[in-house]
1. Could you work out how far apart the two model spin labels at S12 and D109 are, taking each label as a point 7 Å from the Cα in the direction of the beta carbon, and quote it in nm?
2. Long-range amide H contacts for L127: which residues qualify at under 5 Å (H placed 1.01 Å from N, peptide plane, sequence gap of 5 or more or a different chain)?
3. Stretch D242-S352 to full length: gain in nm at 0.36 nm per residue minus the Cα-Cα span?
4. Return the long-range amide H neighbours of L315 (sequence gap of 5 or more, or a different chain), with a cut-off of under 5 Å between placed amide H atoms.
5. Using the alpha-carbon centroid of each, what span in Å lies between the range 121-142 and the range 384-461?
6. Please give every one of the lysines within straight-line cross-link reach of K439, meaning a C-alpha to C-alpha distance under 17 Å, and leave out same-chain neighbours fewer than 8 residues apart.
7. Give the long-range amide H neighbours of I298: residues separated by 5 or more places, or on another chain, with amide H under 5 Å away, using H modelled in the peptide plane at 1.01 Å from N.
8. For the range 160-177, take each phi angle, set θ = phi - 60°, evaluate the Karplus expression 6.51 cos²θ - 1.76 cosθ + 1.60, and give the result in whole Hz per residue in order, putting x for glycine and proline.
Amino acid sequence: MSWKPAPEFPSSFLWGTATAAYQIEGAVAEDGRGRSIWDDFCERPGAIIGGETGVVAADHYHRWESDVDLMTTLGLDAYRLSLSWSRILPTGTGQVNVKGLDFYDRMIDRLCDAGITPAVTLYHWDLPSALQEQGGWMNRDTAFRLGEYAQIVGEKFADRVGMWMPLNEPVVHTLYGHALGVHAPGLALGFEAFQAAHHQLLGHGLAVNALRSAGCSNIGIASNHAPVRAASESPEDVVAADIYDHVVNWMFADPVLVGKYPADEFAQLLSGPIDEDLKIIAAPLDWYGINYYEPTMIAAPVEGEGTAGVLEIDLPPGLPFAPVAITGYPTTDFGWPIIPEGLGEILRTFQSRFGDALPPIYITESGCSFHDAPNEAGEVHDPARIDYHDAHLRSLRSAMDDGVDVQGYFVWSMLDNFEWAAGYKERFGLVHVDFDTQKRTPKDSFEWYRALISAHKAARV
Ligand code: IFM
């Protein structure tokens with residue numbers, strides 16, 4: 001196989017892949033793990049396509065050693081994994097489940113032995129069910145439970161984990177899980193869900209402080225961001241797009257990076273000691289992680305018409321914006337438009353919005369679902385995934401040339417896995433997983449990424 005020459009990156013640039021606990025581990029009832037909101041949500045009739053669940057997933061809990069061997073073959077600098085909170089603290093608080101902590105202890109050791117930096121997410125959407133019973137993220141106490149959990153894992157792993165991020169994509173967890181009800185915990189609270197966002201952000205700040213007090217360093221966040229485009233130049237569409245931009249981008253980035261909400265209207269929707277909380281939320285970070293997938297196009301809502309648009313989700317009536325399909329671009333098999341230049345664009349926007357307040361950036365996720373399966377020879381040819389990552393890396397490189405300090409790229413995902421409400425059909429992995437046999441087959445994109453990493457590592461010496 002040969003590919004066009006890849007763009008060149010500085011020798012210090014970090015090459016990674018990412019996964020999340022509920023999407024790959026399985027073993028949901030083993031070794032004392034408590035239930036999480038995703039165990040509960042998957043049991044709701046109709047919640048997940050085909051009624052699928054993460055009960056077995058990619059069986060990583062039992063196959064983690066050979067999965068780390070694959071990462072070693074790939075030559076990764078870093079592997080981003082998430083810890084399952086309910087494996088470590090089955091009820092979210094109180095007594096530690098030693099077997100759960102030991103599972104991650106062994107994996108972190110093995111990664112370090114392989115020369116792969118463990119990059120750990122504390123919370124990738126799988127809240128312990130016991131905390132949900134007490135109100136979950138709508139309850140301010142949950143933020144403090146995240147801080148306590150951070151202290152426990154920080155003390156245990158400070159010596160070996162090279163990158164920490166308390167939260168993954170609070171915007172998606174807020175909108176899909178708490179505003180629209182299409183992800184766990186399945187709440188459809190509309191704008192009231194902002195309170196859940198605020199508590200996640202408070203939990204982030206408390207966790208950052210707890211990790212630091214436990215001796216951890218190199219702490220950031222993995223937050224989903226993308227450009228928002230207005231459907232036309234009409235003032236109505238421009239205003240609608242601006243509101244949406246504030247909801248999905250700046251409502252989450254501004255508190256973390258500059259300690260304020262982007263507009264007074266946000267703070268007015270919240271209860272609690274917001275000003276005090278914002279000081280905690282803005283705890284200084286060593287880096288900021290951006291997960292990038294696709295821009296969004298927004299129009300003003302048309303009276304009498306629904307606002308569901310491209311999301312294919314029933315949005316509540318009366319929203320001040322309406323997502324519309326972006327046409328004219330190729331799409332992934334998931335139907336998402338492939339717009340690599342959106343990555344460079346959001347990076348430049350971050351640079352101009354935050355200036356000196358912006359720490360170095362990592363792309364903590366980018367990836368695409370294509371359904372390529374093994375052929376008769378047992379090979380998985382996935383040229384579109386190679387093109388996707390190549391084009392996104394070029395876009396990212398051009399933003400670096402313009403002065404944005406980006407220090408690494410994590411492919412989503414290492415393995416095909418449980419794509420939340422979309423089940424197992426959507427495949428983001430560099431490694432194909434046959435979910436009947438659990439056989440792993442590295443795809444062509446795996447070999448492409450291996451060669452890319454290897455070429456950059458060769459230039460380091
Ligand atoms: O699979 C998800 C991941 O859990 C969070 N970021 C987006 C990915 C693809 O949808």
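The values are calculated or read from the model by the stated rules, or taken from the named source; none is laboratory data. What you are looking at is a predicted structure, and each value in this text was computed from that prediction instead of being measured. A quick note on method: Cβ atoms are made from the backbone with ideal geometry, for glycine too, and the neighbour counts reach across all protein chains shown. Only protein heavy atoms, including side chains, enter the accessible area calculation; ligands, DNA and RNA are left aside. Shrake-Rupley method; radii C 1.70, N 1.55, O 1.52, S 1.80 Å.
1. 3.2 nm
2. I37, W38
3. Net length gain for the segment: 38.0 nm.
4. Residues meeting the criterion, in which the H sits 1.01 Å from N, are T307, A308.
5. When both Cα centres are located, 30 Å separates them.
6. K425
7. So I298 has HN proximity to R229, A230, A231, V324.
8. Working through the residues one at a time gives 10, 7, x, 9, 10, 9, x, 10, 10, 6, x, 5, 5, 4, 6, 6, 6, x Hz.
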